[in-house]
Ligand code: ARG
C-alpha cells in the first residue's frame with residue numbers, strides 16, 4: 001500500500017519501486033513504530049483531535065498487532081517501508097479510519113522518533129553486554145592471583161606487570177565505552193514527534209504528551225532541525241566504532257599470546273578452529289574475526305557522515321540510508337561482544353610461561369636505575385649506568401661494578417612489583433584497590 005499517489009497518473013516503475021523500498025531493513029523498527037503510533041493517537045485524543053471512540057478502535061487494533069508480533073507473526077509484504085506496512089495492516093482491521101494516524105504527523109518525524117527509540121534501546125542492550133564482558137575480565141583477573149608477565153612497549157619487554165593489571169586495563173576501556181553509550185542514550189532521548197514533515201502542524205499537536213507516553217525526557221526545539229538531525233545516530237556509530245577498536249586490540253593481543261612464540265594463552269576447543277589440511281593447527285579465529293570486523297564499524301560511521309554531509313534542510317530521501325549502518329553496527333557489535341566474552345571466559349592462561357618470561361632481568365633495569373638514584377647517583381648517570389649493564393657489562397669499572405652489584409642485591413621481581421603501589425600502578429596493593437573499584441562499578 002502507498003501512503004501517497006493523488007497527483008500521480010502513472011504507476012511507479014517497478015525497478016524504481018524496488019530501489020526505494022526499505023521494508024526489509026526498517027522492519028526492525030516495527031515495535032517502535034507501533035508504540036509511536038499509540039502515543040500519537042493518545043495525544044490526538046487528549047487534544048480533542050480524534051474522538052474517543054475512534055482513538056479506542058485504533059488503539060485496540062495497534063495493541064493487537066503488537067501482541068501478534070510478540071508471538072512471532074512476521075512483517076511481510078511489498079510495502080514501501082515499515083510505516084506503510086503498519087497502515088496497511090491497520091486498514092485491514094479498521095478500514096479507512098486507519099489513515100487517521102497520519103493526522104498531525106508525517107513519516108519524516110515518525111521515522112526519526114522510531115529511530116531514536118531504537119538507538120536508545122540499542123544503547124542499553126550494548127551496555128548490558130559490556131557489563132557481562134567486564135564481569136568476565138574481573139573474574140579472570142581475580143583468578144589470576146599473583147601471576148605476572150612482562151609488560152610491553154613497542155612490543156619489546158619493558159617492565160613486569162600483574163596479569164590482573166593487564167586484564168583490568170581492558171576493563172577500563174570497556175568502562176569508557178559503557179559511559180559513552182550512556183551519553184549516546186541521552187543524545188537520542190528527545191521526542192521530535194510534532195515536527196511533521198518539516199514545519200510542525202496546524203493541528204494542536206503537543207509533543208510533550210507523546211514524549212511522556214514514549215518515555216522521552218526532552219522535546220524538540222525546532223521542527224526543521226528535528227527531522228534533519230541524525231547526530232544521535234552518528235554518535236551511536238562512533239560509540240560502536242570505538243568499542244570495536246577496543247575489542248580489536250584485545251583480539252590482537254590474544255592472537256599474539258596464543259602463538260607458539262608467546263605461548264601465554266590457549267584457546268578453548270569450543271572457541272577455536274582447526275585446519276582442513278594441517279592437523280596440528282588450533283587457530284584463534286574468534287579473535288581474528290573480531291579484529292577483521294573492525295573495519296565494518298569504521299566504514300559504517302564514515303558512511304553516515306558522508307550521507308549527512310552538505311545535505312540541505314530538512315528531510316531528503318538520502319536520509320533513508322541512515323538506518324542500515326546503524327542496524328549493522330548494533331547487530332555486529334552485539335555479536336562481537338558475546339564472542340569476546342565466550343573466548344575470554346574459557347581462555348587458559350599459561351601462567352608458568354608468563355612467569356618464566358617475567359624472570360627476564362631486563363624487566364628490572366628501570367628499578368636498577370631507581371635504586372642507583374636512591375644510592376645518590378644523578379638520574380641521568382644512573383640511567384646510563386643501568387643501560388651499560390645491558391649493552392656493555394664487561395667494561396664496567398670496578399667502582400661501577402660494585403655500585404651495580406649492591407643495587408642488584410636489593411632487587412627481586414616481587415619487590416619491583418610490590419613497590420608499584422600508588423593508584424593506577426601495576427603492583428599487588430594497587431591492583432587490589434583497582435579490583436575493588438571494578439567490583440563496585442559492577443555491583444558485585
Ligand atoms: N522510509 C523513509 C526513511 O526511512 C521514511 C520517510 C519517508 N519520507 C518521505 N518524505 N519520503 O527515511
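At a glance:
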read-out: Selection count, region 122-149, where residues are under 30 Å from residue 26 (Cβ atoms) and either in contact with a helix residue (DSSP H, G or I) (Cβ under 8 Å, 6 or more places away or on another chain) or in contact (Cβ under 8 Å) with a residue 40 or more places away in the chain (or both); value: 11
read-out: Whichever residue in region 113-147 is under 21 Å from the mean Cα position of the chain (by Cα) and closer than 23 Å to residue 46 by Cα and, among such residues, is surrounded by the most Cβ atoms within 10 Å (Cβ to Cβ); value: 114
read-out: Failed criterion for residue 77 (all others in (1) in contact with a helix residue (DSSP H, G or I) (Cβ under 7 Å, 6 or more places away or on another chain); (2) within 16 Å of the ligand (Cβ to nearest atom); (3) more than 28 Å from residue 120 (Cα to Cα) hold); value: (3)
read-out: Subset tally (residues that are within 27 Å of residue 322 (Cβ to Cβ) and touching a helix residue (DSSP H, G or I) at 6+ places or on another chain (Cβ under 6 Å)) for region 260-290; value: 1
read-out: Qualifying residue in region 331-344 (condition: more than 14 Å from residue 26 (Cα to Cα), more than 17 Å from the chain's Cα centre (by Cα), crowded, with 17+ Cβ neighbours inside 10 Å and within 16 Å of the ligand (Cβ to nearest atom)); value: no
read-out: From 93, 139, 116, 124, residue being in contact with a strand residue (DSSP E or B) (Cβ under 9 Å, 6 or more places away or on another chain), assigned to a helix (DSSP H, G or I) and modelled with pLDDT of 95 or more; value: 116
read-out: Close pairs from region 244-266: first touching a residue at least 24 places away in the same chain (Cβ under 8 Å), partner assigned to a strand (DSSP E or B) and surrounded by fewer than 16 Cβ atoms within 10 Å (Cβ to Cβ), Cβ under 6 Å, at least 6 apart; value: 266/348
read-out: Pairs, first within 12 Å of residue 18 (Cα to Cα) in region 70-84, second within 8 Å of the ligand (Cβ to nearest atom), C-beta under 6 Å, six or more apart; value: 81/22; 81/26
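Let's see how each residue does on (1) part of a helix (DSSP H, G or I); (2) buried (at least 18 other Cβ atoms within 10 Å of the Cβ); (3) at pLDDT below 95:
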position	(1), (2), (3)
247	yes, yes, no
256	yes, no, no
292	yes, no, no
297	yes, yes, no
300	yes, yes, no
310	no, no, no
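Yes/no matrix, rows are residues, columns are (1) within 30 Å of residue 48 (Cβ to Cβ); (2) in contact (Cβ under 8 Å) with a residue 40 or more places away in the chain; (3) within 16 Å of the ligand (Cβ to nearest atom); (4) over 30 Å from the mean Cα position of the chain (by Cα):
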{"position": "197", "(1), (2), (3), (4)": "yes, yes, yes, yes"}
{"position": "203", "(1), (2), (3), (4)": "yes, yes, no, yes"}
{"position": "216", "(1), (2), (3), (4)": "yes, yes, no, no"}
{"position": "232", "(1), (2), (3), (4)": "no, yes, yes, no"}
{"position": "238", "(1), (2), (3), (4)": "no, yes, no, no"}
{"position": "277", "(1), (2), (3), (4)": "no, no, no, yes"}
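Conditions (1) buried (at least 16 other Cβ atoms within 10 Å of the Cβ); (2) within 30 Å of residue 350 (Cα to Cα); (3) touching a strand residue (DSSP E or B) at 6+ places or on another chain (Cβ under 7 Å), marked per residue:
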| position | (1), (2), (3) |
| --- | --- |
| 163 | yes, yes, yes |
| 188 | yes, no, no |
| 196 | yes, no, no |
| 209 | yes, no, no |
| 221 | no, no, no |
| 227 | yes, no, no |
| 231 | no, no, no |
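The values are calculated or read from the model by the stated rules, or taken from the named source; none is laboratory data. Remember, predicted model here, so these are calculated numbers, not experimental data. Every residue, glycine as well, gets a Cβ built from its backbone with ideal geometry; the counts of neighbours run over all protein chains shown.
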